[in-house]
1. Quick one: in the stretch 57-70, which of the residues that are open to solvent by less than 90 Å² (accessible area, probe 1.4 Å) and part of a helix (DSSP H, G or I) is farthest from residue 25 (Cα to Cα)?
2. If I ask for residues that are touching a residue at least 40 places away in the same chain (Cβ under 8 Å) and charged (D, E, K, R), which ones from the stretch 259-280 would you list?
3. Mind checking which residues of the stretch 1-55 are of a type in the set (Val, Ile, Thr), surrounded by 11 or more Cβ atoms within 10 Å (Cβ to Cβ) and modelled with pLDDT under 85?
4. Only residues in the stretch 99-115 that are free of Cβ contacts under 8 Å to residues at least 12 places away in the same chain count as the first member; pair them with residues that are surrounded by fewer than 22 Cβ atoms within 10 Å (Cβ to Cβ) and among the basic types (Lys, Arg), Cβ under 6 angstrom, at least 6 apart or cross-chain, and list the lot.
5. Which members of the stretch 71-104 meet the condition of being under 29 Å from residue 313 (Cβ atoms), among the aliphatic types (A, V, I, L, M) and touching a strand residue (DSSP E or B) at 6+ places or on another chain (Cβ under 7 Å)?
6. Run residue 283 past the list (1) farther than 23 Å from residue 134 by Cβ; (2) crowded, with 21+ Cβ neighbours inside 10 Å and report the number of the one that doesn't hold.
7. Select from the stretch 92-124 the residues that are modelled with pLDDT of 90 or more, over 20 Å from residue 343 (Cβ atoms) and open to solvent by 20 Å² or more (accessible area, probe 1.4 Å) and list them in ascending order.
8. Evaluate the stretch 244-252: report whether one residue or more is closer than 30 Å to residue 171 by Cβ and either among the aliphatic types (A, V, I, L, M) or surrounded by 19 or more Cβ atoms within 10 Å (Cβ to Cβ) (or both).
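The values are calculated or read from the model by the stated rules, or taken from the named source; none is laboratory data. Since we're looking at a predicted model, the values are computed, not measured. Reconstructed Cβ throughout: ideal geometry from the backbone, glycine too, with neighbour counts over all protein chains shown. Remember, those area values only see protein heavy atoms, side chains included, never the ligands or the DNA or RNA. Shrake-Rupley method; radii C 1.70, N 1.55, O 1.52, S 1.80 Å.
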Amino acid sequence: MENTLLTLKKIIPKEIDILQRRYEILKGIHIYQPIGRRSLSQKLSISEKIIRNETEYLKSQGFILVSSVGMSTTDSGDTILDDLKEIMHHVKGLNYMEEEVKRLIGCKEVVVVPSNSSEYEEIKENIGKAAVDVLLKHIKDNTIIALTGGSTVYNVVKSLNNKPNTSYENVLVVPARGSLRNNVEYQANTIVSKLARKLNGDYELLNIPDNLSKKALDSVRKEPEIEQTISNILKANIILFGIGNAYEMAGRRNLPEPVMDFLHRRQAVAEALGYYFNKNGEIVYTSRSIGIKLEHMTKTPYPIAVAGGAKKAEAIMAVKNIIKNGSLIIDEDAANRIIEIMK
């Protein structure tokens, strides 16, 4: 397919550009439906004149419906989107990015989604949808799935709208670590319960906030219920987690100023699972929390990491050693920046 598309780009470059534009407009309508032309123009950063011309064509072909509440896709339009998905992946060069990032990062699988929206929330939704496909490939009977909190992981679970066609026996979902004291919707415990319901599995919660004192952690760790949950967390077959910028995550965890200064002196760039890394992948600080330990990441569990945006590139590269046996799902802005930095 790659050689065919290269040939087509040479002989009919304008037609390929038209295909790509119509695909993006049709996909935008599908995502935001019902939506008006002006709103779609703003969301896709495409002129209203072009939107008007292209939507007239899409309407004439029966791919969209136009009503008083806005535009929406038809069944034919949804089918076209599915049929074109793989082709557009190649047209945009995302397959090349995936292979290049996989070579540079050194992990088993890389999935790159388009960054064709000015809205970061939509990009996170795209990452979530792609991560669902990866996650479902690795779930089997008697699987324990551990996951962290965060908006990107939340979008993974949100994207699993319906229970999968395959049913699983004895699936258990657990939080990978204690929770941040932030938006309850994005906390690991909340996301764990949602994923378990969608998979028709069981779940256990870990109602312990981050950064308790060592004495308090040692005390609660001995509680039978907590002890059992910790045991299951350490047996996880799949670990789904987000990758964050070090200072941003330290701020969310309300780390004291001396710790923030320490992270700055040690040039921390990334945070994952409560560990803070410098650009060389060295751990420079560890949050006090109960849950997954780094040594478990490099053994049995299959790690699935999700992150988006060019600003996450350095953080992604810093944690490459803990995702080498698993999958990385990112957007093309992050992929381009990784390639640029590594080269």
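1. Only one residue fits best here, namely 60.
2. Scanning the stretch 259-280 gives a single hit, 271.
3. Within the stretch 1-55, the first condition is being of a type in the set (Val, Ile, Thr), and the residues that meet it are 4, 7, 11-12, 16, 18, 25, 29, 31, 35, 46, 50-51, 55.
Subsequent filtering for residues that are surrounded by 11 or more Cβ atoms within 10 Å (Cβ to Cβ) retains 12, 16, 18, 25, 29, 31, 35, 46, 50-51, 55.
Within the stretch 1-55, 12, 16, 31 qualify.
4. Close Cβ pairs satisfying both conditions: none exist.
5. Hits for the stretch 71-104 are 94, 97, 101.
6. The failed condition is (2).
7. Of the residues in the stretch 92-124, the ones modelled with pLDDT of 90 or more are 97-113.
Retained after the next criterion (residues that are over 20 Å from residue 343 (Cβ atoms)): 108-109, 111, 113.
Answer for the stretch 92-124, where residues must be modelled with pLDDT of 90 or more, over 20 Å from residue 343 (Cβ atoms) and open to solvent by 20 Å² or more (accessible area, probe 1.4 Å): 108, 109, 111.
8. If we filter the stretch 244-252 for residues that are closer than 30 Å to residue 171 by Cβ, which is where we start, we get 244, 249, 252.
Right, trim to either among the aliphatic types (A, V, I, L, M) or surrounded by 19 or more Cβ atoms within 10 Å (Cβ to Cβ) (or both) and you get 244, 249.
Yes, the stretch 244-252 contains a residue that is closer than 30 Å to residue 171 by Cβ and either among the aliphatic types (A, V, I, L, M) or surrounded by 19 or more Cβ atoms within 10 Å (Cβ to Cβ) (or both).
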